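Structure, as structure tokens:
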Amino acid sequence: MLRPSDVEQALRILSTDRDAELGSFFNDTVVVTTSGRSITPRTAGQSHYVSVLRRYEVAFGVGPAGTGKTYLAVATAAAALLKGEVKRVVLTRPAVEAGEKLGFLPGDLAEKVNPYLRPLYDALYDMLSPERTVRMLERQIIEVAPLAFMRGRTLADAYVILDEAQNTTVEQMKMFLTRLGENSRMVITGDDTQVDLPRGARSGLAHSLQVLDGVRGIGVARLTAADVVRHPLVGAIVDAYEREETRRAGEEAAELRASGPPRGGRR
């Protein structure tokens, strides 16, 4: 049955590509939720992203909020788990706001880290239902943990997702990537324009994209404001911020040129 959201999706796709084959979007089901809803790519960028997730053992999804980076990665992981392609799913993200030193927060360990991992739980509940997710968590078929807990491990037969990767340090990203074990897949998602690290700290996401450029077996999908599928205003907000960042970068470059070379330099 055709739903209003399907019509909106079709119009969004055709607005960017009038020759798009709508069937390639609506028939490309990643996973079916417990409510019977099919999760499918909703933009050309998302369609490319899903193809990268399926093709590469290590895949990067980079783009602004609302582009489905985490949601589609979790959907792909859930599909792989349900098909028996992997034995478990591991979801992680850095708790950068607390510096991964969570002792001063109230409650036990789960209560301390849950605020940082909530988006991952929300996606799992949508794919598998809260009850099934809880059972899988109890049996450790699904693990949701802060990035610091990945150190020293080798993750085999697993689908591993690192979310909010822009807030990893270079050392953390290297540590995470080297956890890859036999018959495992890794997805790294993040927005390289929204880094919350302390001033002067280099983002592990940006560094890894540079260092790993051209390495076989690693795929990168870059999503843009055109792939935002939340409220239509989210795309407009992202566009506005990108224009402002471009304008400020231009002004700073012009100021540097106008100031000329520093005085008192060596001759």
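The values are calculated or read from the model by the stated rules, or taken from the named source; none is laboratory data. Quantities reported herein were computed from a predicted structural model and do not represent experimental measurements. Here Cβ is always computed from backbone atoms with ideal geometry, including for glycine, and neighbour counts include all displayed protein chains. Heavy atoms of the whole protein, side chains included, go into the accessibility calculation; ligands, DNA and RNA do not. Shrake-Rupley method; radii C 1.70, N 1.55, O 1.52, S 1.80 Å.
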_Output for the range 87-96, where each listed residue is farther than 11 Å from Leu117 by Cβ and either open to solvent by 10 Å² or more (accessible area, probe 1.4 Å) or aromatic (Phe, Trp, Tyr) (or both)_ = Lys87, Arg88, Val96
_Filter the range 141-151 down to the residues that are in contact with a strand residue (DSSP E or B) (Cβ under 7 Å, 6 or more places away or on another chain) and part of a loop (DSSP other than H, G, I, E, B) and list them by number._
Ile141
*Enumeration of residues in the range 100-136 that are outside any loop (DSSP other than H, G, I, E, B), modelled with pLDDT under 85 and either of a type in the set (Val, Ile, Thr) or open to solvent by 20 Å² or more (accessible area, probe 1.4 Å) (or both)*: Leu109, Ala110, Glu111, Lys112, Val113, Asn114, Pro115, Tyr116, Arg118, Pro119, Tyr121
*Return the total of residues in the range 44-72 being more than 16 Å from the chain's Cα centre (by Cα) and farther than 20 Å from Glu85 by Cα.*
1
*Between a first residue in the range 136-164 that is at positive phi and a second residue that is open to solvent by 50 Å² or more (accessible area, probe 1.4 Å) and of a type outside the set (Phe, Trp, Tyr), which pairs have beta carbons less than 6 Å apart while being 6 or more apart in sequence or on different chains?*
Asp157/Lys87; Asp157/Asn183
*Given (1) at pLDDT below 75; (2) surrounded by fewer than 17 Cβ atoms within 10 Å (Cβ to Cβ); (3) of a type outside the set (D, E, K, R), index of the condition Val32 fails*: (1)
*Which one of these is open to solvent by 40 Å² or more (accessible area, probe 1.4 Å) and either under 17 Å from Phe60 (Cα atoms) or not aliphatic (A, V, I, L, M) (or both): Gln140, Gln166, Gln172?*
Gln140
_the range 188-222, residues that are over 18 Å from Thr92 (Cα atoms) and among the hydroxyl-bearing types (Ser, Thr, Tyr)_ = Thr193
*If you check Ala65 against the conditions, is it touching a residue at least 40 places away in the same chain (Cβ under 8 Å) and either under 18 Å from Ile39 (Cα atoms) or open to solvent by 10 Å² or more (accessible area, probe 1.4 Å) (or both)?*
yes
*Any idea how many residues of the range 194-225 are in contact (Cβ under 8 Å) with a residue 60 or more places away in the chain, under 14 Å from the mean Cα position of the chain (by Cα) and surrounded by 15 or more Cβ atoms within 10 Å (Cβ to Cβ)?*
8
*Select from the range 43-62 the residues that are in contact with a Gly (Cβ under 7 Å, 6 or more places away or on another chain) and open to solvent by 20 Å² or more (accessible area, probe 1.4 Å) and list them in ascending order.*
Arg55, Tyr56, Glu57
